[in-house]
Amino acid sequence: MTDQLTRRAAVGEDRRRADGRLKVLGQARYAFEQLPAGAAYLVPLLAPVARGRITAIDAAAALAVDGVLGVLTHENAPALPEHARPPLRILQSPDITHRGQFVGGVLADTPEAAARAAGLVRVEVDAAAHDTALAWDHPDAYVPDTVNPDYPAVTEDGDVDGALASAAHAVDVTYRTPMHHNHPMEPHTTVVTWSDAGVELHESTQHPHGVRATVAELFGLDPETVRVVAPYVGGGFGGKGQLHAHAVLACMAAQTVPGRPVKLALTRRQLVPNAGHRTPTIQRVRLGAEADGRLVAIEHDVAEHTSRITEFAEQTAVATRMMYAAGARRTRHRLVALDVPAPSWMRAPGETPGMYALESALDELACAAGIDPIELRVRNEPETDPSSGKPFSSRGLVACLREGAERFGWAGRDPEPGVRRDGRWLVGSGVAAATYPVYRQSATARVRAFGGGRFGVTIAAADIGTGAWTVLAQIAADALGVAVEDIELRIGDSALPPASVAGGSSGTTTWGTAIVTAAQKLLAEHDGDPPAGAEVTADAPPNPHADDVAMHAFGAHFAEVRVDSDTGEARVARMLGVFAAGRIVNPRTARSQFMGGMTMGLGMALHEATILDHRHGAIVTPDLAEYHVASHADVPALEVHWIDEEDPYVNPMGSKGIGEIGIVGAAAAIGNAVHHATGRRVRELPITPDKLLGLG
Amino acid sequence: MSTPAMAYERATDVDAAVAAVAGRPGARFLAGGTNLVDHLKLGLLDPDLLVDVTRLPLREIEDVPGGGLRIGAGVTNADLAADPRVRASYPVLAEALLAGASGQLRNVATTGGNLLQRTRCPYFQDVTMACGKRDPGAGCSAIGGVTRGHAILGASEHCIATHPSDMAVGLAALDATVETAGPGGGRTLPLTELHRLPGDEPERDTVLEHGELIVAVTLPPPSPTARSAYRKVRDRASYAFALVSVAAAVDVRDGVLHDVRIALGGVAPKPWRAEQAEAVLRGAVPTAARLGEAADAELAAATAQGENAFKIPLARATIVAVLRDLLTEELA
């Protein structure tokens, strides 16, 4: 473990966001805020049916509108490679594979002309029968080869059925979660200029180099001629991890007006069917336990959807493989390929829906066995990772549960559900565990000495509101033994050394490791005193301990919920999370990450759902008035804490990812509290008033 | 073909505003724009002229001689909710206003515009769906579809959309009247008669003629012994339309419900005055059982559309709860 940062002056320091002032002043320019001269504006055309074939497109009226530069359709679009990801292969045929799919675009001198002309394009279609409804017993359900990113779809260990049959306590419950959308504040946006010299994109993305590679591949370009700039990104939550089809459409349009910037910002209504989402899930969880609550069997069986044209298999049951000790265990994922937009990453894909079901089922077991839900989890703490047999690099679950119980005031909680009243409100509390793996990807950083103790650090990382601008400078400062102010950091540009996606909670681990590696090499090459102009470029090495230890972050959520006994409205009164995520690099930005995750989990529990009208295969919640994310009034006293955790295995900083764990388990804690308040076990999210009527 | 221009005019007096719109079928009044501008973006409307009425002298809240308030149509929702006279004498209205939309929207949305906002039915707002409210005779895509938010009272086979306003529900319970100016002169009508049920003309939300402009809403004098409240049941604590809302005012004299007024939101194509419930209660001694009977009387005609079936028991529970809370002393 010689790569460890030995100096920790800046790492761990509560520092203001490096980009905060710029953002508050409106000076941090997001993609669509680029104002290149002579820009043209693109408005996409959306498929009006869920499945079928375009029989005719009449663009004559649109082309006659003043200022219209062209109308892209499958009849005139450039050919894309056959092997490209299917959701990106737009305008390659008259086939329609989901409602709202891009079937064309109108380019004009002004956004008004483009919008007006788009309304004049007549798209005639021959609709085919479609299917957008996930069902547990869907005849087309199949087991995929792997689930995201590359886990087996099925695992089986021991005699699950036998253990369940002889268990002292058993639960067999099915949970449902709806389709969800990431809905970042900043919509998906591309500003692209195509010229002989190359292609430049200002893209709202979590991965500049990923966009560069994808655009180059799609259009047969040398990647070196493609530049992707994304210094500030207004949220992504996984939805900007991969390139989506809007950018392909924008590039196609830009090709028709060489040298002229083309601007495209999706409206919510255009974004919803075209920028990824979380699959709905149906999850059957069976737990068997001894009289004392120790688990003898865990089964987690999942049905979820993917698009008919591409497979994305959310790894919903994967966390169940490592969370608790049990003699027998079976997990399975089944997919149904439907005429829906392609699902993709959304904050903690897999863990978010999966831990909702597992942690809810565990609460049901605690009730059935008459064991305190914290104690139940403690009794099932595994000595080693049940999925791999490896020791954990660190495992702070019990510490989080204990600390959370103390801070929340769990002691003395009456487990009896539905008995606490405050006026018309029924009051209850719940707990659930959280976990998220430590991923490391590959990245390259360059460190250059400017002289005078100042250094330039460059890496094409993306700060999607997470704090990368701030924490990477802190890491670099400690690696180089200087003050944070002596670091000149540049990120968010594919002209910089390649960096991995801001996803999988792996950004700080990966990019930080690359920076530390380069910095240490630079210092070593110059006896600790590199002269001005000295420079080193270095890769983040793979984690040398990856084969020896299991690396995960853990956490515990506590929620107090009040349910209006007249109307069934559930409101979270307070929420508290404790996390064990290694060393916290910056308490201020970390707190925001945890808090944001918990808030998103609150929304998942009570509010969020993308609803389809299956008759039309249409999303009927296409805006933020209908798709309810938690409002300020919904988010109560929300406390975030963490335990000090030293983990020498994860990376030189000793940090684990924190971008996603905040959402994991949060919905279960709230659902468990709703049960404690009301005696009702709502097994289908979101927990809306219609599901809690008649409490009187 | 040149891009058809959408003209914009800023009206400086009421008569000119009325004349400007009345003379052009494609003209529309523009007030706060919180609904109309959305409709322009969604492609629901294609006006050739917008007549901005926000500069008209309609922004005052005036005392009416003999009692009551005359609220200019241009008074913003935020200003109306904050008015001390409204807060003191018509709390149901202040509460209804503050339950609606968001702070930003209330700062620009006007009294007249709030009344005339159109349904948030997702099928109405999606131009790729058939909708008779948008396109007369096209039928109703919502029926048989996602109907969780739709009407249980007053709907027709042509439209099952709900009216989204909270303010209008509060006004309906207050016996407010609406004053208009129109090409044929002005008129005054009860607020409960402003909106119409869809029947076979779902495209007509109100009885107003083209070019007729709401200039004021008048509240009658408050009863010194009346109590009123608004309760909105919704999926999240703010910025969500009502699943069910209840505005109620009670005036108890000598232990008897001398007067009671109840209006419902989120359940019908218009702010729904619950006259059946009122009839059960008016003149009665309030008891818990009687409150339930009143709610049942109102909801006897309720029809579920499938997913919105929960609104019937929810409306019952909410009517009873609001009255119960207003009548705590009497029921004790």
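Values computed for the structure shown
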{"read-out": "Any hit, region A:16-28, residues being touching a residue at least 12 places away in the same chain (Cβ under 8 Å) and either within 14 Å of another protein chain (Cβ to nearest Cβ) or surrounded by fewer than 14 Cβ atoms within 10 Å (Cβ to Cβ) (or both)", "value": "yes"}
{"read-out": "Qualifying residue in region B:122-130 (condition: within 30 Å of B:A16 (Cα to Cα) and in a loop (DSSP other than H, G, I, E, B))", "value": "no"}
{"read-out": "One residue from A:L45, A:L35 being away from chain B (no Cβ under 14 Å) and either within 32 Å of the chain's Cα centre (by Cα) or among the hydroxyl-bearing types (S, T, Y) (or both)", "value": "A:L35"}
{"read-out": "So B:G306, is it within 14 Å of chain A (Cβ to nearest Cβ), at positive phi and surrounded by fewer than 17 Cβ atoms within 10 Å (Cβ to Cβ)", "value": "yes"}
{"read-out": "Condition met for B:P91 (modelled with pLDDT of 95 or more, touching a strand residue (DSSP E or B) at 6+ places or on another chain (Cβ under 8 Å) and over 24 Å from B:R261 (Cα atoms))", "value": "no"}
{"read-out": "Single residue of B:A249, B:A229, B:A216, B:A242 found to be assigned to a strand (DSSP E or B), in contact (Cβ under 8 Å) with a residue 40 or more places away in the chain and within 14 Å of chain A (Cβ to nearest Cβ)", "value": "B:A229"}
{"read-out": "Unique residue being touching a residue at least 60 places away in the same chain (Cβ under 8 Å) and more than 29 Å from A:D145 (Cα to Cα) when the list is A:L295, A:L266", "value": "A:L266"}
{"read-out": "Residues within region A:420-442 that are in contact (Cβ under 8 Å) with a residue 40 or more places away in the chain and in a loop (DSSP other than H, G, I, E, B), tallied", "value": "7"}
{"read-out": "Residue satisfying condition, being among the aliphatic types (A, V, I, L, M), touching a Lys or Arg at 6+ places or on another chain (Cβ under 6 Å) and within 30 Å of B:T318 (Cα to Cα), within set A:V640, A:V650, A:V674, A:V682", "value": "A:V682"}
{"read-out": "Single residue of B:D38, B:D15 found to be within 14 Å of another protein chain (Cβ to nearest Cβ) and either out of contact with any helix residue (DSSP H, G or I) (no Cβ under 7 Å at 6 or more places or on another chain) or part of a strand (DSSP E or B) (or both)", "value": "B:D38"}
{"read-out": "Region A:574-627, subset within 25 Å of A:E684 (Cβ to Cβ) and assigned to a strand (DSSP E or B), residue farthest from the other protein chains (Cβ to nearest Cβ)", "value": "A:G577"}
{"read-out": "Tally of residues being within 14 Å of chain B (Cβ to nearest Cβ) and either in a strand (DSSP E or B) or closer than 16 Å to A:I658 by Cβ (or both) across region A:554-573", "value": "8"}
{"read-out": "Failed item, numbered, when A:G654 is tested on (1) over 21 Å from the mean Cα position of the chain (by Cα); (2) within 14 Å of chain B (Cβ to nearest Cβ); (3) not charged (D, E, K, R)", "value": "(2)"}
{"read-out": "Hits in region A:109-144 - residues which are more than 10 Å from chain B (Cβ to nearest Cβ), more than 30 Å from A:P178 (Cβ to Cβ), among the charged types (D, E, K, R) and crowded, with 16+ Cβ neighbours inside 10 Å", "value": "A:D109"}
{"read-out": "Among the residues listed as B:D325, B:D296, the single one being facing another protein chain (nearest Cβ under 10 Å), within 25 Å of B:D251 (Cβ to Cβ) and surrounded by fewer than 21 Cβ atoms within 10 Å (Cβ to Cβ)", "value": "B:D325"}
{"read-out": "Unmet criterion (only one of (1) assigned to a loop (DSSP other than H, G, I, E, B); (2) buried (at least 20 other Cβ atoms within 10 Å of the Cβ); (3) of a type in the set (G, A, S)) for B:A277", "value": "(1)"}
{"read-out": "Given (1) surrounded by fewer than 24 Cβ atoms within 10 Å (Cβ to Cβ); (2) in contact with a helix residue (DSSP H, G or I) (Cβ under 8 Å, 6 or more places away or on another chain); (3) closer than 29 Å to A:T621 by Cβ, index of the condition A:R268 fails", "value": "(2)"}
{"read-out": "Matching residues, region A:657-696, being of a type in the set (G, A, S) and either within 14 Å of chain B (Cβ to nearest Cβ) or part of a loop (DSSP other than H, G, I, E, B) (or both)", "value": "A:G657, A:G659, A:G662, A:G665, A:G679, A:G694, A:G696"}
{"read-out": "Close pairs from region A:106-128: first in a loop (DSSP other than H, G, I, E, B), partner of a type in the set (D, E) and at pLDDT below 95, Cβ under 9 Å, at least 6 apart", "value": "A:G119/B:D46"}
{"read-out": "Subset of region B:139-188 that is hydroxyl-bearing (S, T, Y), in contact (Cβ under 8 Å) with a residue 40 or more places away in the chain and in a strand (DSSP E or B) - its residue that is nearest to the other protein chains (Cβ to nearest Cβ)", "value": "B:S156"}
{"read-out": "Some residue of region A:448-456 being in contact (Cβ under 8 Å) with a residue 12 or more places away in the chain and part of a loop (DSSP other than H, G, I, E, B)", "value": "yes"}
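The values are calculated or read from the model by the stated rules, or taken from the named source; none is laboratory data. In this text, all values refer to a predicted model and were calculated from it rather than measured experimentally. A quick note on method: Cβ atoms are made from the backbone with ideal geometry, for glycine too, and the neighbour counts reach across all protein chains shown.
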